[in-house]
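Inspection log for the structure reproduced underneath, given as structure tokens.
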Amino acid sequence: MSFSLYQATVPTMIQMLQSAQGWIEKAKASDLSEEEIAGACLREDMAPFPKQINWMLAYAHRGIEAVRKGVMNPDLEEPPQELEQMRLNIGAAENQLRALSPAEVESFIGKEMRFVYEPHGVDLPFTAENFLLGFAQPNFYFHATTAYAILRHKGVELGKLDYLGPIPMKQG
């Protein structure tokens, strides 16, 4: 049985984006202020919650866009601090991933691309599949897990099923 690049990336990213929208809803319903959440991080040397969400999105739908263009640069813009805007951005990313066709994602295989971060002299060459599976996807999950952990650390009532979100089950 073969497994496609689309199947290995897009459905699980959509699943996690749906999960993240639920985390945001639970954070909004908590006793924490938006300012407290926006400034929260796991360690002083780690980025705060809004950046974790923004970087998660960067490696999801913007990662796909980078493959189309052939280059990805880190997103250094200041992300939204408001939970509702984060939730809306997550929803937009999910919709963009849903709009992808499996055929388009499969057409990326073998395409050359680069990750470039000029201020630090980084210029990493990839094929699209190496980038998506070995760089974008691990980064996506790292930032998703960190965002989830920040909310748990701050006391938002989240459990493992909140992290997993809508689990794909066998149909029929």
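Here are the numbers for the structure shown:
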| item | result |
| --- | --- |
| Qualifying residue in the range 85-100 (condition: in contact with a Phe, Trp or Tyr (Cβ under 6 Å, 6 or more places away or on another chain) and modelled with pLDDT of 95 or more) | no |
| From the options Ala136, Ala149, residue that is at pLDDT 95 or above, touching a strand residue (DSSP E or B) at 6+ places or on another chain (Cβ under 9 Å), at negative phi and small (Gly, Ala, Ser) | Ala136 |
| Residue in the range 161-171 that is farther than 26 Å from Arg68 by Cβ, more than 19 Å from the chain's Cα centre (by Cα) and either in a helix (DSSP H, G or I) or not polar (S, T, N, Q) (or both) present | yes |
| From Leu42, Leu5, residue being touching a Ser or Thr at 6+ places or on another chain (Cβ under 8 Å), surrounded by 13 or more Cβ atoms within 10 Å (Cβ to Cβ) and in contact (Cβ under 8 Å) with a residue 12 or more places away in the chain | Leu42 |
| Every residue from the range 123-153 that is surrounded by fewer than 19 Cβ atoms within 10 Å (Cβ to Cβ) and over 19 Å from the mean Cα position of the chain (by Cα) | Asp123, Leu124, Pro125, Thr127, His153 |
| Tally of residues being farther than 19 Å from Leu158 by Cα, touching a helix residue (DSSP H, G or I) at 6+ places or on another chain (Cβ under 9 Å) and not in a helix (DSSP H, G or I) across the range 1-38 | 1 |
| Helices (runs of 4 or more DSSP H) contained in the range 60-113 and holding at least 2 residues of a type in the set (Lys, Arg) and more than 16 Å from Gln15 (Cβ to Cβ) | 61-69 |
| Candidates Val71, Val122, Val116 - the one that is β-branched (Val, Ile, Thr), more than 29 Å from Ser4 (Cα to Cα) and out of contact with any helix residue (DSSP H, G or I) (no Cβ under 6 Å at 6 or more places or on another chain) | Val122 |
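The values are calculated or read from the model by the stated rules, or taken from the named source; none is laboratory data. What you see is a predicted model, and the numbers here were worked out from it, not measured in a lab. Positions of Cβ are generated from backbone atoms using ideal geometry, with glycine treated the same way; all protein chains shown enter the neighbour counts.
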